[in-house]
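This report refers to the structure that appears directly beneath it.
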Amino acid sequence: MISPIRGRYAPSPTGGLHLGNARTALVAWLHTRSRGGSFVLRVEDLDSLRCKKGVFEINLAELRWLGLDWDEGPDRGGDFGPYLQSLRTEYYQAMLEKLQPWVSPCYLSRKDLQTLASAPHGLIEGYGLAERALNESLQTEKIASGKQPSLRLRGPQTSVAFEDLLMGPQAFDVGDFVLLRADGEWAYQLAVVADDLAMQISEVVRGDDLLPSTAAQVWLYQLLQRPAPQFLHLPLLLDAQGMRLSKRSGSLTLNEIQKTGLSSERLLGFFAHSLGLLAQSEPLSLPELLTLYSPEKLSREPYQLRPGELGLSA
Ligand code: GLU
């Protein structure tokens with residue numbers, strides 16, 4: 001029988017997982033497993049320029065090293081596959097069709113958008129009424145020049161509100177956002193909602209840098225008249241300089257950390273401490289950590305790594 005509690009972790013295979021990615025994956029797993037739910041591993045490999053071949057297999061191995069397991073995923077199949085977004089075009093096409101009434105072609109280039117004196121702040125893609133008007137005024141000329149449009153969803157007039165399990169009530173102005181890019185690639189917001197719906201995901205754990213994106217996704221659920229999953233956004237892990245970790249800026253990957261000889265128990269203990277689940281950073285096993293987990297105990301503050309913490313240099 002399929003559990004009604006279904007969580008997931010959805011890595012983008014643009015490089016190895018850094019500590020922040022691994023910590024989010026861990027909490028997603030703990031949150032689902034602590035209530036006997038099914039855990040799904042979905043690979044978000046849509047951006048063909050940024051996603052590299054062979055990387056998702058490395059990501060899966062990194063998660064296994066941490067001790068995580070999943071019931072469905074690209075390596076083991078499942079009832080809701082395929083589990084690689086690059087193979088799910090038909091789901092995205094079907095969802096785009098349902099959203100047609102709210103979709104418009106957008107011909108504006110990045111350069112066009114820069115000609116507007118002040119981009120509206122706070123909107124997820126900085127695209128509001130002025131941008132819409134500019135698009136309309138340039139449309140005829142752009143079509144004549146053969147420019148391929150992206151497809152944009154019209155955002156709501158008012159802000160989108162939702163409740164986050166950890167961070168409480170949230171509300172964001174969303175603006176218009178892209179569903180299908182001009183180069184033919186599906187955009188994150190559409191793909192993630194199409195997949196979370198099709199895979200019957202009931203809870204989403206992700207970093208709090210994605211809170212505004214979640215508002216865009218809640219807007220999609222509202223238009224589709226489908227219930228949104230429960231959301232839990234985690235405050236980020238920051239490096240010793242107070243900056244967010246990123247694959248691009250060369251944060252150490254789990255694979256590299258493993259090679260330093262650090263044990264996964266030590267890393268789990270550090271994660272537990274940084275999340276507010278353990279007073280001291282001391283080694284512990286995943287089953288031990290599972291017994292400690294409860295969402296009420298999670299810290300609402302970002303955690304800044306101390307220089308040399310875990311004996312790592314980055
Ligand atoms: N693929 C996204 C990432 O790796 C996660 C998106 C999500 O959790 O919805 O950051």
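Estimated from helical segments only, the mean residue ellipticity of the chain at 222 nm is -10500 deg cm²/dmol, where each DSSP H run of four or more residues counts as -39500 (n - 2.57). For the pair Glu301 and Ser34, the difference between a 0.36 nm per residue extended length and the Cα-Cα distance amounts to 93.9 nm.
Its residue count N fixes a reference of 2.2 N^0.38 Å for segment 48-96, and the Cα radius of gyration divided by that reference is 1.33.
Just the C-alpha atoms of the chain: what Rg/Rh do they give, with Rh taken as the Kirkwood radius? My calculation puts Rg/Rh at 0.98.
Basic side chains Lys and Arg get +1 at the Cβ, acidic Asp and Glu get -1 at the Cβ, and with that the dipole of the chain about its Cα centre reaches some 340 debye. Accessible area of the chain with a 1.4 Å probe: how many percent of it is carbon plus sulfur? The C+S portion of the solvent-accessible surface of the chain is 52 percent. Once the Cα-Cα distance is subtracted from the 0.36 nm per residue extended length, the Gln114 to Arg50 segment shows a gain of 20.6 nm.
With R₀ fixed at 22 Å, the C-beta to C-beta distance from Ala279 to Leu165 puts the FRET efficiency at about 0.45. Nearest 10 degrees, 0 to 90: what angle lies between the long axis of helix 55-66 and the longest principal axis of the chain (Cα atoms)? Its long axis makes an angle of about 30 degrees. Size descriptors for segment 52-161, from the alpha-carbon set: Rg then Dmax equal 20.0, 56 Å.
Kirkwood hydrodynamic radius computed over segment 209-283 comes to 15.3 Å, based on all pairs of distinct alpha carbons. Our estimate of slack between Asp209 and Glu185, defined as 0.36 nm per intervening residue step minus the Cα-Cα distance, is 6.4 nm.
Restriction of the trypsin sites (Lys or Arg not before Pro) in segment 198-266 to DSSP coil positions whose beta-carbon has at most 12 other beta-carbons within 10 angstrom yields Arg248. What residues have an amide H closer than 5 Å to that of Gln304, excluding those fewer than 5 places away on the same chain, when H is modeled at 1.01 Å from N in the peptide plane? When sequence neighbours closer than 5 places are left aside, the close amide H contacts are Leu238. Projected area of segment 1-55, taken from the Cα convex hull and averaged over every viewing direction, in nm²? Value for segment 1-55: 4.4 nm². Using only side-chain charges placed at the Cβ, +1 for Lys and Arg and -1 for Asp and Glu, the dipole size of segment 120-271 relative to its Cα centre rounds to 280 debye. Between the listed residues Ser150, Gly261, Val103, the Cα displaced farthest toward the positive end of the dipole of the chain, a dipole computed from Cβ unit charges relative to the Cα centre, is found at Ser150.
Cβ-Cβ distance of Ala130 and Glu265, R₀ of 51 Å, FRET efficiency by 1/(1 + (r/R0)^6): the value works out to about 0.40.
In this structure, the pairs whose alpha-carbon distance is over 30 Å, taken from Lys98/Lys142; Lys142/Lys247; Lys147/Lys247; Lys98/Lys147; Lys53/Lys297; Lys52/Lys147, are Lys142/Lys247; Lys147/Lys247; Lys53/Lys297. Taking the Cα centre of the chain as the origin and placing charges on Cβ (Lys, Arg +1; Asp, Glu -1), which of Gln230, Leu66, Leu123 is farthest toward the positive end of the dipole? So the residue we want is Leu123.
Between Ser294, Ser202, Ser150, the GNM of the chain built on Cα springs shorter than 10 angstrom shows Ser294 fluctuating the most.
Mean projected area of the Cα convex hull of segment 245-289, taken over all directions, amounts to 3.5 nm². Compactness of segment 1-112, taken as the C-alpha radius of gyration over 2.2 N^0.38 Å, stands at 1.25. Rounded to the nearest 10 degrees, the angle from helix 19-33 to the longest Cα principal axis of the chain is 80 degrees.
Every Cα-Cα pair in segment 147-262 was counted, and those over 18 Å apart are 61% of them.
Based on the reciprocal of the average 1/r between different C-alpha atoms, the Kirkwood radius for segment 178-222 equals 11.3 Å.
Once the C-beta distance of Ser246 and Asp71 is scaled by a Förster radius of 30 Å, the resulting FRET efficiency is 0.50 to the nearest 0.05. With the convex hull constructed from alpha-carbon coordinates only, segment 133-176 shows a mean projected area of 4.3 nm² over all directions.
The values are calculated or read from the model by the stated rules, or taken from the named source; none is laboratory data. Everything numeric in this text was worked out from a predicted model, so none of it was measured. Please note: Cβ atoms are built from the backbone with ideal geometry, for glycine as well, and neighbour counts cover all protein chains shown. We work out accessible area using only protein heavy atoms, side chains counted, and drop any ligands, DNA or RNA first. Shrake-Rupley method; radii C 1.70, N 1.55, O 1.52, S 1.80 Å.
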